[in-house]
Ligand SMILES: Cc1cc2nc3c(=O)[nH]c(=O)nc-3n(C[C@H](O)[C@H](O)[C@H](O)COP(=O)(O)OP(=O)(O)OC[C@H]3O[C@@H](n4cnc5c(N)ncnc54)[C@H](O)[C@@H]3O)c2cc1C
């Protein structure tokens, strides 16, 4: 290390901060990464066994270059860490052809020229009998989709950062971040740390963290339920793609068996209610939620026992427009903020880590961040 190498502090080592630490340290920065909890903890947004990766992206074609770079970086991290993080098991979007999400996925695949297949009800039943389709419903199959492993991914990124000299300070809640001549002072556990740049990645804690509290990031509760598979082999990733199900009675994302027992369902139709900060995350779901999730499974996933064997609660930060805030912090352009990923951040995390490193080290990035600029939420 030389004195010329910039010192960069990162506040929050969920998947976004962990990836920022990896990309910054790999480029020679002296990284100091703080988190109030341990690596890969389950109180925020970056835990829960599985995450969807997809490149046919209904949220907007502008994300496609980011997704392609993210996929490349996921593979780099796998090689560097020796861990399996992304399994390209394919992905299904299931529902009526005129259902808005089903139509949008199909349009996105066609517009971007991405490989995909449209399966009618009979074709879907032959290939993916795990899903029950109603008359007239279709499946859009995306062979480029897959499942990510969140806890190993956060571990891998932080270990890779450490190999490049980063210091990871778990159980170090940051109390204060103040601008000083030519840099920033971070206060944690009563100690101060002076750095040249700061990356703020507090996830759903953004509203509780003074430097990011002005951004409209609402913490919301997302509940996941695991249902035992009657035939486990038929529900593993080699036979069951990830899926997004749209149906008049239910909507959910569906993940293949990774724990040897159960398929994970994240109900969408039951809502992701606001919570008063991740500290107030409930431990479990209320019985009404569990019954409604069970009813959806009984109706649409005949190979599962429709009683959840496990329920997990997580917090995510949502912005009013559903896109994250990524870029210079309003009012303090020397700091970089990345928060409010609104349920979509995991798959993109490596490229956002790269962007954090670009902004911290050079003040600019080749990626077009116009739609994600945090200033869109400021009134002045
Ligand atoms: C249940 C669920 C399912 C999801 N499914 C998908 C999916 O399938 N595909 C997908 O791409 N995305 C998905 N997402 C979204 C994705 O997981 C998130 O966007 C992503 O994990 C956000 O990561 P983060 O680092 O911003 O937040 P977090 O992981 O919450 O990290 C923020 C960190 O900041 C720390 N922190 C906060 N304040 C301080 C402080 N003052 N001092 C020190 N540390 C602090 C916290 O302890 C925390 O570790 C899902 C999210 C949830 C919750």
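If you build a Gaussian network model of the chain, linking Cα atoms that sit under 10 Å apart, which residue out of 127, 167, 236 swings the most? Greatest mean-square fluctuation among the candidates belongs to 127.
Over all orientations, the stretch 229-366 has a Cα convex hull whose mean projected area works out to 11.1 square nanometres. Computed over the chain with a Gaussian network model linking Cα atoms closer than 10 Å, the most mobile of 292, 219, 325 is 292. Based on alpha-carbon centroids, what's the gap between the stretch 281-295 and the stretch 148-198 in Å, whole number please? After rounding, the separation between the Cα centres reads 36 Å.
In this entry, the chain is assigned a mean projected area of 18.4 nm², taken as a quarter of its C-alpha convex hull surface. May I ask what percent, to the nearest 5, of DSSP beta bridges between residues of the chain are antiparallel? Antiparallel bridges make up about 75 percent of those DSSP assigns within the chain. Every pair of different Cα atoms in the stretch 5-156 enters the Kirkwood calculation, which places the hydrodynamic radius at 17.5 Å. Seen against the Cα atoms of the chain and their longest principal axis, helix 100-112 is set at about 70 degrees. Where the centroid of each part is defined by its Cα atoms, how far is the stretch 318-342 from the stretch 1-63 in Å? Using only Cα atoms to place each centre, the spacing works out to 14 Å.
Mean separation of Cα pairs under 8 Å and 6 or more residues apart, divided by the residue count, gives the stretch 148-300 a relative contact order of 15 percent. Rounded to the nearest 10 degrees, the angle from helix 287-300 to the longest Cα principal axis of the chain is 50 degrees.
For the pair residue 61 and residue 280 in one chain, pulling the backbone fully straight at 0.36 nm per residue adds 75.3 nm over the alpha carbon distance.
When you count the other C-beta atoms within 10 angstrom of each residue and take the mean per peptide, 160-166, 112-118 line up highest first as 160-166, 112-118.
Residue 123 to residue 295: extension gain in nm, 0.36 nm per residue of separation minus the Cα-Cα distance?
Additional length available on full extension: 59.4 nm.
The mean sequence separation of alpha-carbon pairs under 8 Å and at least six residues apart, normalised by the residue count of the chain, gives a relative contact order of 23 percent. Mean-square fluctuations from a GNM of the chain, with a 10 angstrom spring cutoff on Cα atoms, peak among 130, 354, 218 at 130.
Rounded to the nearest 10 degrees, the angle from helix 345-362 to the longest Cα principal axis of the chain is 20 degrees. Report summary: the helix-based calculation at 222 nm, which adds -39500 (n - 2.57) for every DSSP H run with n ≥ 4 and divides by the residues of the chain, gives -8000 deg cm²/dmol. In the stretch 208-258, Cα pairs under 8 Å separated by at least six residues give a relative contact order of 27 percent. Annotation for residue 135 and residue 344: the two label points, set 7 Å from Cα along the Cα-Cβ direction, are 3.6 nm apart.
Which order do the peptides 269-280, 301-312, 35-46 take when ranked by the mean count of other beta-carbon atoms within 10 Å per residue, highest first?
Values: 269-280: 14.6, 301-312: 17.7, 35-46: 20.7.
Result, highest mean Cβ count within 10 Å first: 35-46, 301-312, 269-280.
Values quoted throughout were computed directly from the atomic coordinates according to the rules given, and no laboratory measurement underlies them. This structure is a prediction, so every number in the text was calculated from the model and none was measured. Neighbour counts run over all protein chains shown; Cβ positions are idealised from the backbone, glycine included.
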